Amino acid sequence: MRLGLFGGTFDPVHFGHLLLAECCREQCALDRVVFLPTAVSPHKQGRNPTPAAERIAMLELATGGHAALEVSSYEVDRGGVSYTVETLRHFRESEPDARLFFLLGADMLNDLPHWREASAVIELALPVVVRRPDAEAVDFDCLASIASAERIEAVRSHQVEMPPIGISSTAIRRQASRGRSIRYLTPRAVEKYIETNRPYR
Ligand code: ATP
Ligand code: MG
C-alpha cells in the first residue's frame, strides 16, 4: 500500500490542493492520499485559522466523491504546533504495512533540511516533490546534508508535474469576506458551505 500524506491549513481547500493531490496520486501510483489539516502550522504562527471542525467539514465535502482521497484529523486532535516528524511517526505506527510519501511543493524543498529532525522525516516518508512543468530543474543536492545519495535518487525519481493553478486560500477568504464570487475556485459543495456558514465574514 502506497500512502500519500498532504499537510496544509486548508482554510479553505481549493482546486489547487485537489489537483496537486490527484497529480501525485496518479504519477506516483498512490493508493490513498490523506489530507492532514494542521492545528497550528510551524510556518504560520501569526494568524488564527478558521476552527478545525469547519476546515475539516469543507475538506470532507471536497474529497467525498473520490475513493482514494481522505481527511485525517490527527494533527488537529493532537493540537499545538504540527511537526511533520511526529505526524509521520504516527502514520508509521498506525499503518505499519504502508509505504509513506509526503507531498511537497518544489519551492519547499530547500527548506526541508531545516525542519525538525529532517533526516528522520526523509527516512520515514519519501518526499514527492511537485513542480510546474515549465519550472527550472529542482536542485536535489540541497538534501545532501540530511539524506543518502540513494535516498536523494529516490526523491528525484518521484517528482510530480502539475499544471500551474493560481488559486490560494488567502484569495478565497478575501473574496468571500467581501461578498464576491468564489465560484470555480473550489468545488461547488465547498462554495455552498462558505455561502451558508460564512466562516470568512
Ligand atoms: P494560504 O493562502 O492561506 O497560505 P494556500 O492556498 O497556500 O493557503 P495551504 O493550506 O497553505 O494553502 O497549502 C497547503 C499546501 O498546498 C502547501 O504545500 C501549498 O504549497 C500547496 N498549494 C496551495 N495552493 C496551491 C496551488 N494553487 N497550486 C499548487 N500547490 C498549492
Ligand atoms: Mg500557503
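The relative contact order of region 79-173, computed from alpha carbon pairs under 8 Å that lie at least 6 residues apart in sequence, is 28 percent. Sorting Asp141, Asp107 by the number of Cβ atoms found within 10 Å of their own Cβ, with the fewest placed first, yields Asp141, Asp107.
I need Arg132, Arg188 ordered by Cβ neighbour count within 10 Å, fewest first. Walk me through the intermediate numbers first.
Numbers: Arg132 14, Arg188 11.
Sorted ascending by nearby Cβ count, the order is Arg188, Arg132.
Annotation: extensible slack from Glu136 through Glu60 equals 23.9 nm (criterion: 0.36 nm per residue apart, minus Cα-Cα distance). Each residue of region 52-59 was assigned a 3J(HN,Hα) from its phi angle through the Karplus curve 6.51 cos²θ - 1.76 cosθ + 1.60 (θ = phi - 60°); the sequence is 4, 4, 6, 5, 5, 4, 5, 5 Hz, with glycine and proline shown as x. Arg78 sits among other residues whose Cβ lies under 14 Å from its own Cβ, and their net charge, with Lys and Arg +1 and Asp and Glu -1, is -3.
In region 99-201, which chymotrypsin sites (Phe, Trp or Tyr not before Pro) fall in coil by DSSP and have 16 or fewer other Cβ atoms within 10 Å? The qualifying sites are Tyr184. Here the residues Met1, Met162, Met108, ranked from fewest to most Cβ neighbours within 10 Å of their Cβ, fall in the order Met1, Met108, Met162.
Under 10 Å, Cα contacts only: if you run a Gaussian network model on the chain, which one of Arg47, Arg89, Arg174 comes out with the highest mean-square fluctuation? Largest GNM mean-square fluctuation: Arg47.
Mean residue ellipticity at 222 nm, helices only, the chain: -10500 deg cm²/dmol; runs of at least 4 DSSP H residues each add -39,500 (n - 2.57), and the sum is divided by the number of residues.
None of the figures in this text is laboratory data; all of them are computed from the coordinates on show. Note that the structure is a prediction, hence the values are computed from the model and not measured. Note that each Cβ is placed from the backbone with ideal geometry, even for glycine, and that neighbours are counted across all protein chains shown.
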